[in-house]
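What follows is a single structure, written as structure tokens, with notes after it.
The values are calculated or read from the model by the stated rules, or taken from the named source; none is laboratory data. Keep in mind that what you see is a predicted model, and the values were worked out from it rather than measured. Cβ: placed from backbone, ideal geometry, glycine included. Neighbour counts: every protein chain shown. Ligands, DNA and RNA are excluded from the accessible area calculation, which covers all protein heavy atoms including side chains. Shrake-Rupley method; radii C 1.70, N 1.55, O 1.52, S 1.80 Å.
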Amino acid sequence: MRAALTVIRDRDYAFDNGQLVAGISALAVPILPRGRDAIAAMAINMTSARLAPDRLVSLAGLLHRDTRQIEEALNALEGSHIAPTS
């Protein structure tokens, strides 16, 4: 398990190519506000047949872009009297 977590941290995303559910792939990127552990993640699930290697890179880039926007919004709330709503 530790080795898997190290790989995820090194590449900054988690990828399941049908290991959990045959034929279904998943890609997830953690949401990491400054100075905090992961508080959530954004994920994409699809049939493994639709996820070519070049598409994986593209989708990971899109997820990273969107999670960074969320992290920036959360970081802007740090220290303010406005708390995020759930």
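Things to note:
- Selection within the stretch 35-65 - open to solvent by 80 Å² or more (accessible area, probe 1.4 Å) and among the polar types (S, T, N, Q): Asn45
- Filter result (modelled with pLDDT under 80 and outside any helix (DSSP H, G or I)) within the stretch 47-86: Glu78, Gly79, Ser80, His81, Ile82, Ala83, Pro84, Thr85, Ser86
- Among residues of the stretch 1-34 being exposed (fewer than 12 other Cβ atoms within 10 Å of the Cβ) and touching a helix residue (DSSP H, G or I) at 6+ places or on another chain (Cβ under 9 Å), the one that is modelled with the lowest pLDDT is Arg11.
- Among residues of the stretch 39-64 that are within 20 Å of Val21 (Cβ to Cβ) and without any contact (Cβ under 8 Å) to a residue 60 or more places away in the chain, those with a beta-carbon under 7 Å from a residue that is in a helix (DSSP H, G or I) and open to solvent by 30 Å² or more (accessible area, probe 1.4 Å) at least six positions away or on a different chain give the pairs Met42/Asp66.
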